[in-house]
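The values are calculated or read from the model by the stated rules, or taken from the named source; none is laboratory data. The structure displayed is predicted, hence computed values, not measured ones. Please note: Cβ atoms are built from the backbone with ideal geometry, for glycine as well, and neighbour counts cover all protein chains shown. Note: areas computed on protein heavy atoms with side chains; ligands, DNA, RNA excluded. Shrake-Rupley method; radii C 1.70, N 1.55, O 1.52, S 1.80 Å.
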Amino acid sequence: MNRQLHSSRPPLPDVPAVYFVSPTLGNIKRIAYDLEKQLYEAFHINFVEPLPRALLEELAASVARDGTGEFVQQVRDDMLHLRLE
């Protein structure tokens, strides 16, 4: 299933999500929102351009604040590849 990031999407708690997004503050905030709402079983986040450190820190702060780190399986961009287990 293919959905636009900023569209309204129902929760699919048994389905992993794979994101292919540009590294923007708006996209980071939307992914953090999806994590907070636990829309999916797991999150694989792929940035189509290099992820600036400030945006990586924004994502990390949101995950830490909301306690949603267990859902993030992978964060990847052209320069960065983090596999979380």
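Points worth noting:
- Residue within the stretch 30-40 that is of a type in the set (Asp, Glu), in contact with a helix residue (DSSP H, G or I) (Cβ under 8 Å, 6 or more places away or on another chain), on the phi < 0 side of the Ramachandran plot and in a helix (DSSP H, G or I) present: yes
- Matching residues, the stretch 10-29, being open to solvent by less than 70 Å² (accessible area, probe 1.4 Å), in contact with a helix residue (DSSP H, G or I) (Cβ under 8 Å, 6 or more places away or on another chain) and either in a strand (DSSP E or B) or more than 16 Å from Gln73 (Cα to Cα) (or both): Ala17, Tyr19, Val21, Pro23, Thr24
- Counting only residues that are over 17 Å from Gln4 (Cα atoms) and open to solvent by 40 Å² or more (accessible area, probe 1.4 Å), the stretch 45-63 holds 10 of them.
- Asp66 satisfies every condition listed in (1) open to solvent by 90 Å² or more (accessible area, probe 1.4 Å); (2) farther than 18 Å from Ser22 by Cα except (1).
- Single match in Ala32, Ala42 (criterion: touching a residue at least 12 places away in the same chain (Cβ under 8 Å), open to solvent by less than 40 Å² (accessible area, probe 1.4 Å) and more than 9 Å from the chain's Cα centre (by Cα)): Ala42
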